[in-house]
Amino acid sequence: MSTMPGTERANDAIGSLDAMGTREMLELINREDAGVSLAVEREIPAIAQAVDALAERLHAGGRLVLIGAGTSGRLALMQAAEARPTFGIAPGTVIGIMAGGPDAMVRPTEAAEDDFAGGEKELSRIAVDQRDGVVGISASGRTRFVLGALAEARRSGALAVALACDHPAPVAEAADAVEFPNGGGELTIFAAASLTDAFEQIKTDLETAEPELTITYNFAGSQALVTQLTEGAAADVFASANAAQMTAAE
């Protein structure tokens, strides 16, 4: 088994993007993006726990610190910047920190991402304490700058939350709450019998892209499937070529 983080491995389902037509490429990207919402859905219990704990600190006068490196750091800065104009949150309540400082937004600083002590120092600089909540963002869950920040957050008594896209990962040991929207889990699909061939191909693509995902299919007539759903059957996806049946299943 490869020890390379999932976020660094090639996605075999994508193939050769450079050889695809524009529409084919965009449709493939869109299909891949559809998996994001499913991954997030599986993590909603953990996300809710983190949100409630962070909200408690904000209501008590604490701060929310978003910290990351590289693209994750840019997202931290962007989200923090939107807090005041979009939500009317007081200045200084939501703080964004990026490895290498604001200049790294446009001038990549790879060395800063691996600086464990740098993450610690950034939280010490803003005097994080037990009133605050810190969210460390790391796609791989291994970024040393973020690990340093989470370690300092816990030492200072602050709530430490990790957001990663690979599991298992070191951030799981460095945080009080962890969210891993990285795939896996189960997916139940109800589809009209006429769509069997199409969904077999979709199943192949999904299993290649998400090897830990368990997919269960129920192929039958659209009306029969709608009846099952109305009687309490559970399905994540319902598909039919009949628009009226699609409406009935909503």
Q: Would you mind pulling out the separation of the Cα centroids of the stretch 137-152 and the stretch 19-66, in Å?
A: 18
Q) How do the peptides 128-136, 32-40, 96-104 rank, highest first, by the average count of neighbouring beta carbon atoms within 10 Å per residue? A) 128-136, 96-104, 32-40
(Q) Skipping prolines and chain starts, which residues have an amide H placed within reach, meaning under 5 Å, of the one on residue 215, given they are 5 or more residues away or on another chain? (A) 187
Q. HN-Hα J couplings of the stretch 153-168 from phi, Karplus 6.51/-1.76/1.60, θ = phi - 60°, integer Hz, Gly and Pro as x?
A. 4, 5, 5, 7, x, 6, 6, 10, 10, 10, 10, 9, 10, 9, 8, x
**Q.** Efficiency of FRET from Cβ geometry, residue 125 and residue 59, R₀ 22 Å, rounded to 0.05
**A.** 0.30
Q) In what sequence do 194, 138, 16, 156 fall when counting other Cβ within 10 Å, fewest first? A) 16, 194, 156, 138
(Q) What does the C-alpha gyration tensor say about the overall shape of the stretch 44-179? Classify as rounded when a/c is under 1.5, otherwise prolate if a/b is larger than b/c, or oblate. (A) rounded
Q.
Using amide H atoms built in the peptide plane, which far-off residues or other-chain residues are under 5 Å from residue 135 H to H?
A. 65, 66, 67, 161
Q | Estimated inter-spin distance, residue 34 and residue 110, nm [label 7 Å along Cα→Cβ] | A | 3.7
Q) Among 69-78, 159-168, what's the highest-first ranking by average C-beta atoms within 10 angstrom per residue? A) 159-168, 69-78
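Each reported figure results from applying straightforward, stated rules to the coordinates on display, with no laboratory input. Just so we're clear, the structure is a prediction, and the values are computed from it rather than from any experiment. Glycine gets a Cβ as well: all are built from the backbone with ideal geometry, and neighbour counts include every protein chain shown.
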